[in-house]
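**Student:** First, the structure itself, so that you have it in front of you.
Just so it is clear, none of the values below were taken in a lab; they were calculated from the coordinates. Every value quoted in this text rests on a predicted model; they were computed, and no experiment measured them. Positions of Cβ are generated from backbone atoms using ideal geometry, with glycine treated the same way; all protein chains shown enter the neighbour counts.
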Amino acid sequence: MFPRFSPDGTQIAFTAQYDGNTEVFVVPAEGGEPRRPTFTATLGRDEVSDRMSPNNIVMGWTPNGKNLLFRSRMRSFNDFIGQLFAVPVEGGLPEALPLPRGGFANYSPDGKQLVFNRVFREFRTWKRHRGGMADDVWLYDFASKKTEQLTDDPAATSSRIASGTTNWGR
């Protein structure tokens, strides 16, 4: 699931379940034996069919092709909160990005910024739904360590619920 070509087009990263739990894998684009860069503990809700989606979902690659970006719930006590991590393509310890939560994300071409959603797409809360399923978009700058909200759509209620920024009843 969630296949992503490397920047040079020679490899494909994807999410799969080969050994029981859901992990990140890399395979040459021309085919071959998949390699497993991540080794995380199986969560109680780690099934592919789970409403909250599988764990360790590949989001993409760093622009230099040395690291994989993926979303995981491996350090979260809450199934509704995912965090973004980078792991070397060859494997190793995943490093959490300096964000408290993250959904879908992508690096800028120079790798200095990251555009992301704070709530992952699978978090479908329909309570007080006012239309649209678009999550707000945020931008993180690695040099300044600042986060900027790029969109502010009042209909994006799911991101308001998860971030605690709703002002219903006021």
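**Student:** Computed FRET efficiency, Cβ-Cβ of F39 and N106, R0 22 Å: what is it to the nearest 0.05? Write down the numbers at each step before the final one.
**Tutor:** On the way: r = 25 Å, r/R0 = 1.13.
It comes out at approximately 0.35.
**Student:** Residue separation times 0.36 nm, minus the C-alpha to C-alpha distance between A29 and E148: what's the value? Walk me through the numbers before you get to the answer.
**Tutor:** Values: separation 119, 0.36 × 119 = 42.84 nm, distance 3.55 nm.
Going from the current span to full extension adds 39.3 nm.
**Student:** Quick one: which of 92-101, 65-74, 12-21, 139-148 comes out on top by average Cβ neighbours within 10 Å, and what's the full order, highest first? Working shown, then result.
**Tutor:** Details: 92-101: 14.7, 65-74: 22.4, 12-21: 16.3, 139-148: 12.3.
Going by the mean number of other Cβ atoms within 10 Å, highest first, we get 65-74, 12-21, 92-101, 139-148.
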